[in-house]
Structures are given as structure tokens and as C-alpha cells.
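Here the structure comes first, spelled out in C-alpha cells, and everything after it is commentary.
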Amino acid sequence: MLVKTLKSLLTAVLALSILPASWAGRSVTLLNVSYDPTRELYKEYNGAFAKYWKAKTGDDVTVNQSHGGSGSQARAVIDGLDADVVTLALAYDVDAVAEKAGLLPKDWQKRLPDNSSPYTSTIVFLVRKGNPKNIRDWDDLAKPGVSVVTPNPKTSGGARWNYLAAWGYALRKWNKDEAKAREFVTAIYKNVPVLDSGARGATVTFVERGIGDVAVSWENEAFLAVNQLGKGQFEIVVPSVSILAEPPVAVVDKVVDRRGTRKVAQAYLEYLYSEEGQEIAARNYYRPRLPSVAAKYAVQFPKVDLFTVEEVFGGWQKAQKAHFADGGLFDKIYLPGK
Amino acid sequence: MNRRTLLAIAGAILLGAGIIRRASAGDVNASPADVQQRLEALELKTKVLERRWEVDQENAAAKSKESSTPSIGKDGYSLKSADGRFQIKFQGDIQADGRFYLNDKAEAFTDTFLLRRVRPTVEVTAYGIFDGRIQPNFGGGAAGVDDAYAELRFFPFAKLRAGRFKAPVGLENLQSSSKITFVERGLPAGLLPAYDQGVQLHGDLWGGAATYALAVQNGALDGTNTDSTDNNDRKDFAARVFLTPFKASASDLLNDLGFGVGAAVGKDRGTTNASTTRLPSYKTEGQNAFFTYKTNIIAWGERRRVSPQLKWYPGPVGLLAEYVLSSQEVKSTTTVSAANLRNRAWQVAVTYVLTGERASYNGVKPRKPFDPKQNTWGALELAVRYSQLDVDRNAFPRFADPAKSSRAARAWTGGLNWYLNPVVKTSVDYAYTWFDRGATTGDRVAERAVFSRIQFSF
């Protein structure tokens, strides 16, 4: 009897030991190539998604992150960085991945709600405690003696939002006078002593290196600086008008199909729109899309008069070509600050 | 701009500010508040300069990650992409040889200088797992191709190669021609296929402790390369397994011990045209033929080879040994004679690196390259080999003329190699080969050959 029992037990153990790996749960990795300031957001989000996915499918998912200036990140993906998903600062950078490398279809933006932007942000000013240079609005950035920190639009998506926000303000102020707008933005960039490659680098310049009187910043970066990086040392100044920044997310089709990760990559982005995903975005100072979460965090985000790239510049393709392409307006107006 | 320069400039600014302040009569009575303001402005300037330097360093680092990395050295010239997934490598070898025959009063053999091999080589890697290799050979005054293949490296244990490459059978044959110990390979090479076109699946198992290869190729004759296309539908199948079971061992004595077996099977049918009998001739190390079939004999049927093999390199001593059995069904086109002839060859080669470096299947790397100014002289290696090739006795006299073809060749070869550095090697060998029959009056005249080589291989 004992021998029989032992034999059955041994058979069961042997049978279990050769179970197909799929029965025990797969292990999947994804690479999320993102722009510079989203480190904290995706650190929290990735943990939440991994728990959700494990509970739903039994599979373990590890999301590796890559961060850098949005333009630089797009170029890296075009050059072969195997991103399963891209979560970049602006739609133009994802368009570039679609057009130059053919890694995803050109109509990628229609595949997820809200033009594939699960959260939004805007551009504000970060100043030192007490606002010693009395920065109130965009005009103050162009004044002599004010040192402005903003990253390089050639590499940073946030920098391009900053630049267009300033230009858009000037067009409103001077009744769409492009020459005046150029003069105004030129004056601002004359006050820029150093151009970091990404938004996070600019935050480091301002917060940790102590350079500049005002940092033109993603709203979420400004909140991060005020509440965490330099608690009690900085204040946020909301300009009279700013730009609606819609950082998009997209699955990189050719990569996920080759790696067999389409299902989990798609779910990873869709979960950003879920209540938990939106809560995480809001906690990290990104403006959520979901009305219930937006209402809950309404107090956190100041009301700002916002315009869009489409309204003022006719879209990113036109804006990129006119301002940020080689030989564009930015190349003509930027001089290192003295 | 480096950090030291930056701080020097900042220091000069501060010092200059101090000097100007003292020299200016109007500032003699500047208030402390003015001074404080100036100091703060200079401090900010320094911070900005430092930060610009940091950003420049970050940008330079980012740029270096995007840019390709050229490299030139003993392994040739290569260009590699920042992520390592794309690479092109230029290598090559030149072998300038001399062949001289002693006691050759009848001038049966010709003393000559020759370019034995001139092989520029290009290797490319694309997307990290696709490789290509092109190795033309302009040696001997002719233009040909040795290696030319594409390889898909799906996994270390499964790589698919297609193109022209060495048949995976013999041990010394598979050794690169720039790495072989002696100037010429031993007699067993005469029974083995060389470069051939086909497809091969091969890989490393258990961390390289075992390697295998399975190939389908057009079918090369003993000791020869194939032409660019096959002249029949029959293909040769080759397989080889080689084990180095102690590869991971810490013991220097055993970690370079390897043994295995290679085999090939195919079918061939010749015609009476002299160039298409599909039968080989066998040559000495001096490349002089000592065995040929009669002109009316053709290959007709199965061809098999099997070759157990061993290599062992414990420290400065090296041992390479292999045995080859090559059988070929033949027939006469003028009589009913047919047979399955079995020819055999074997060799044992022993080497010793006098300067103490480790002997190796892939050549000797001198610890101290040749540099008389530094009193370093490279590495010196002594080598001795015995090899033998026996033709099936049944070949005589129906299929080969005993007055013209020898039944056996035996050779003692002694060699001295001087590795000046990993790129340049000089060699001198003496090979004494004697024969069983092969002349109208008995044994063919022994061949006493001196080979020299200056090799440039990078």
C-alpha cells in the first residue's frame, strides 16, 4: 500500500515538474521609451499595471523604462531601439517614428481615446521662494536681467511646448503679428544661459545647480520641484495664458508583433485610461482625462487659459517645420545668454 | 572645454574683478553691498559655466552612444554601431611562401616562391543576429573564393549558414589556414572535402562544451574545393560533433582537450571526360601528385568519409591527431571492373612553444611582441608531425597504375614557427615524404621539401 502510494506521489511530482511553462504563467518584458520627466509617473504606474496584469492573466510583466528628451528618444527608436510602447511629449515625435521608420501606422493617434493622450499638462513658471524677480507673466521673462531656464527644443519635447507657449502668448498680445512674436521670443532666449537636453535636466539646472530666476517648466515638473525636490524653496507662477500639452502614447506595432507582446503592450496603454491609471497620473501632477478623477483633483490644478497647437500653429507638422527644423526660426533666434 | 580650464577661467574672472576693483580710483570707496552684488554675479557666472560644461559632457556622452565606434588593431579594422548590432570588419592574410626541394638532381620538382594565399576578408553583422563573410583568395595567381556565406544566428545552439564554406568533417581542415601549425596540412587533408556550397545548421551546446554541425552541400572530392555549381543532382550530407567536456574546468591541463568525429556521405557519378571523372588525385605536402586513377576510371556510387579526431593543448604543448577513412565506389568505363575503394590516412602532430606561451588550435599569441628595443622577441614554437595515407590495395592494378601511382605515402615533418606578434608569423618546415611503389622500378623518389612562409594575418 505504501509502495503504491509512493509510486502515485512520485508520478504526480514528475507530472507537475514537466507542466508546460504557460501553465505556470509567462514572464514578459516591455520597454517603454518615454520623455524626460515621466520617471516618477511610470515608476508608480508600472508597479500598478504589473499587479493588475498578474491578477488578470497570471503573467508577470516587467516594464523597463528609457527616459530622455522626447526628440532624442524618438530618434533612438527610429534608429533601432526596440520600444514596445512610446510615451512621448508630443504627437510630432511619434509621427516621426511612424513616417521615418514605419514602425507604426500613420493613423496611430486614432487608436486610443483623446487622440491617444491619456493625460494632459501645461506650461508654467517655477520661481524661487518669494519670487525675488517678481515674475508674473511671459513679459517678465523677456526683461533684461532675468535669467530663464528652459531646455533645448532640438532635443526636448517640453522645450518645444515652452517655446510655442511663449510664441502663442505673443501672437495673442500683438494680434497675430509674427514679427513681434519673433522679437519677443528672441528676447526671452537671450536670457537663457544654458540649454539642457531635456526637461528633467533643466529642472536639475534650476533646482539643484541654483541657476536662473525662473524655469519655464512642465506643470508636473514644477509641482515635483515645489513638493519634493526642493520643498519649501520654490513657488509656481501660472501665466495668464499657456498651451494645452497633450503627451501621446502609442504601441510600436512592428516591435510588439516581432516580440509577441502586442496584447500586453496594448493593455499597458489602455490601463492608463482606467481609474487607477488616471489616479496615478493625477498624483504625479498630470491632468487626468477621466472626469471623475479630474473632479477629485481639480483643486490641485490651477485654472489656466489654454490654447492648442492646432488653434495657433495649424498643428505640429507646421510648427515643427517653421520653428524647430534645421534652419528654422529657433536656429535663427537663439543666442546663449550672457 | 574641460573642468580644469573652466575653473581656471572662473578664477581669472574673480581675480580680474579684484584687480580692476583695486585699480579703479572711482571704486575705492565701493560699498559692501556693491561688492556683494558683484561676487554674486561672478558666482552665478561660474555656476552657469559649470552647468554648461556638464550639459556639454551629457550631450557628448549621448552623442557617443549614437555614433559608431571604429577600431583598428591586431584583429583588423572594424566599425561598430553604438548599440553593437551593426558591424563591419576588414581582415586579411597574406602568405608569401617558398618551396624548395633537396636532392632533386632530376628536377622532378620545381623550386618556387609563391603567394600561397592572399585573402582580404570582410565580415558584417546586421541587427545583431545576421552575419555575412566574404573571403576571396587571390593566391597562386588565380582569383577564387574561399568563404562566402550568410549566417542567421537565431540562438547559440542553432545557427543557419548558407553559401560557401568548409565541409564540417576534418579537424585540421577546419582550422583556419592562417592558424595551422605547419605550412601545409598533413596527408589526411587529401581525403577530406574542403570548400563547398550548401547549407549548414550548427551551434554550441552546454556553453560550448559541445559543438555540432549538419550540412548539405554539393559534394567536394577528396582534398579539393568544389566549383561554383554542381554537375549533378546528388548532394553530400555531412555531420560533425566535437566535445570539449572540460572547457569550463579550472584545470589548464584539461580545459583544452577536445575530441569528436566528422562524417560525410554522398553519391557521385563521373563521366569519361578527364575533367569530370569525379575522382581525386592525392598530393604530398609539396602539392605534388603521387596517386591518380587511370583515365578510364570514374566515380560511380556512394562516397563516404568518417574522421575521428582529437586535439589537446595542455599549456605550451599541443597535440592534434586525426584518422580519416574515405571510401568511393568506382568503376571502369571500358571493362566491368567496379569496386568500393577504401583509402585511409592519419596524422599525429605535436607542438611545443619554447617561449612558454600556451599552444592553441587558434595559433600562439606571443606574450611579448617582437621589439628589439625592448629586448622582446615574440614566441617560438617547435612542431613535429607524422602523417600517412594508404590507398586501398584493391585499387591496383585495375583502377590505378602501380608504376605511376603510389600505394602509400608517409611523411615526417618538422617545423619551427616564430610568432613575432599576433599578426606576423614566419615558418620554416622540412618534410620528408617517402612512398610505397609509384615508379616503374619500385618506389617513387622520396620528396625532401623545405617550406618557408612569411605570413601577415590581421
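The values are calculated or read from the model by the stated rules, or taken from the named source; none is laboratory data. Only a predicted model underlies this, so the values are computations on that prediction, with no experimental measurement involved. FYI the Cβ positions are ideal-geometry reconstructions off the backbone, even for glycines, and counts take in every protein chain you see. Keep in mind that these areas ignore ligands, DNA and RNA; they rest on the heavy atoms of the full protein, side chains included. Shrake-Rupley method; radii C 1.70, N 1.55, O 1.52, S 1.80 Å.
Would you please classify the overall shape of region A:197-338 from the alpha carbon gyration tensor, given that a ≥ b ≥ c denote the square roots of the eigenvalues, rounded means a/c under 1.5, and beyond that prolate means a/b larger than b/c while oblate covers the rest? Oblate shape, in that a/c is at least 1.5 and b/c is the bigger or equal ratio. Legend: Rg and Dmax of region B:134-187, from Cα coordinates, 13.5, 40 Å. Accessible area per residue for chain B, computed on protein heavy atoms with a 1.4 Å probe, is 50 Å².
Near residue B:147, the amide H atoms lying under 5 Å from its own belong to B:135; only residues 5 or more places off or on other chains count, and H is placed 1.01 Å from N.
Heavy-atom accessible surface of chain A, averaged per residue, reaches 44 Å², computed with a 1.4 Å probe. The alpha carbon centroids of region B:394-431 and region A:239-306 are separated by 76 Å.
Is the C-alpha gyration tensor of region A:58-197 telling us rounded, prolate or oblate? Criteria: a/c under 1.5 is rounded; beyond that, a/b larger than b/c is prolate, otherwise oblate. Verdict is prolate for region A:58-197. When the charge dipole of chain B is built from unit charges on Cβ atoms (+1 for Lys and Arg, -1 for Asp and Glu) and taken about the Cα centre, the candidate among B:297, B:450, B:411 whose Cα reaches farthest toward its positive end is B:297.
What does the charge dipole of chain A about its Cα centre add up to, to the nearest 20 debye, if the Cβ of each Lys and Arg holds +1 and the Cβ of each Asp and Glu holds -1? Before the final figure, lay out each step's value.
On the way: 43 positive and 37 negative charges, 101 e Å.
The dipole magnitude comes to about 480 debye.
The A-B contact accounts for approximately 1000 Å² of buried accessible area, totalled over both chains at a 1.4 Å probe radius. Only aspartates and glutamates eight or more places from residue B:105 in sequence, or on another chain, were considered; those with a Cα closer than 19 Å are B:443, B:447. The percentage of C-alpha pairs in region A:252-319 whose separation is greater than 21 Å is 53%. Computed over the Cα atoms of chain A, the ratio of the radius of gyration to the Kirkwood radius (Rg/Rh) comes to 1.09. Assuming charge only on the beta carbon of Lys and Arg (+1) and of Asp and Glu (-1), the dipole of the protein assembly as shown about its Cα centre is about 1040 debye to the nearest 20.
Listed peptides B:292-305, A:171-184 appear in the order B:292-305, A:171-184 once ranked by packing, highest mean of other Cβ atoms within 10 Å at the front.
Projecting the Cα atoms of A:120, A:30, A:41 onto the charge dipole of chain A, computed from C-beta unit charges around the Cα centre, puts A:30 farthest toward the positive end. For residue B:335 and residue B:436, a Förster radius of 22 Å and the Cβ-Cβ distance give a FRET efficiency of 0.30, rounded to the nearest 0.05.
Given R0 = 30 Å, the distance between the Cβ atoms of residue B:376 and residue B:176 translates into a calculated FRET efficiency of 0.70.
Rounded to whole numbers, the Karplus 3J(HN,Hα) couplings from phi for region B:30-43 are 4, 7, x, 5, 4, 4, 4, 5, 5, 4, 5, 5, 5, 4 Hz, using 6.51 cos²θ - 1.76 cosθ + 1.60 with θ = phi - 60°, and x at Gly and Pro. Highest GNM mean-square fluctuation among A:38, A:87, A:261, for chain A modelled with Cα contacts below 10 Å: A:261. If the segment from residue B:58 to residue B:421 were pulled out straight at 0.36 nm per residue, it would be longer than the present Cα-Cα gap by 126.8 nm. With no solvent and one equal point scatterer placed on each C-alpha of region B:389-452, evaluate the Debye formula and give log10 I(q)/I(0) for q = 0.17, 0.29, 0.30 Å⁻¹, two decimals. Computed log10 I(q)/I(0) values: -0.65, -1.12, -1.15.
Per-residue Karplus couplings for region B:434-450, computed as 6.51 cos²θ - 1.76 cosθ + 1.60 with θ equal to phi - 60°, are listed in order as 10, 10, 10, 6, x, 9, 5, 9, x, 8, 4, 4, 5, 9, 10, 10, 10 Hz, Gly and Pro entered as x.
Diagonalising the gyration tensor over the Cα atoms of chain B and scaling each eigenvalue by 5 before taking the square root yields semi-axes of 64, 25, 19 Å, largest first. Taking a Cβ cut-off of under 12 Å around residue A:64, the surrounding Lys, Arg, Asp and Glu residues balance to a net charge of -1, with basic ones at +1 and acidic ones at -1.
Which percent of the accessible heavy-atom area of the protein assembly as shown goes to carbon and sulfur, probe 1.4 angstrom? Walk me through the numbers before you get to the answer.
Details: 22020 of 37860 Å².
So the carbon and sulfur contribution to the accessible surface is 58 percent.
When the charge dipole of the protein assembly as shown is built from unit charges on Cβ atoms (+1 for Lys and Arg, -1 for Asp and Glu) and taken about the Cα centre, the candidate among A:226, A:299, A:175 whose Cα reaches farthest toward its positive end is A:226. Measuring heavy-atom accessible area with a 1.4 angstrom probe and counting protein chains only, the residues of region A:147-195 that give up at least 20 Å² relative to the chain alone are A:193, A:194. When the Gaussian network model of chain A links Cα atoms closer than 10 Å, the mean-square fluctuations of A:317, A:228, A:266 top out at A:228.
How much net charge surrounds residue B:358 when only other residues with a Cβ under 12 Å from its Cβ are counted (Lys, Arg +1; Asp, Glu -1)?
-2
Using 1/(1 + (r/R0)^6) with R0 = 35 angstrom and r between the beta carbons of residue B:386 and residue B:241, what's the FRET efficiency to the nearest 0.05? Efficiency for this residue pair is about 0.85. As a size descriptor, the averaged projected area of the C-alpha convex hull of the protein assembly as shown was calculated at 54.2 nm². Near residue B:404: Cβ cut-off under 12 Å, other residues only, Lys/Arg at +1 and Asp/Glu at -1. The net charge is +3. Cα gyration tensor of region B:349-458, axes a ≥ b ≥ c as square roots of the eigenvalues: rounded (a/c below 1.5), prolate (a/b > b/c) or oblate? Note, shape of region B:349-458 comes out prolate.
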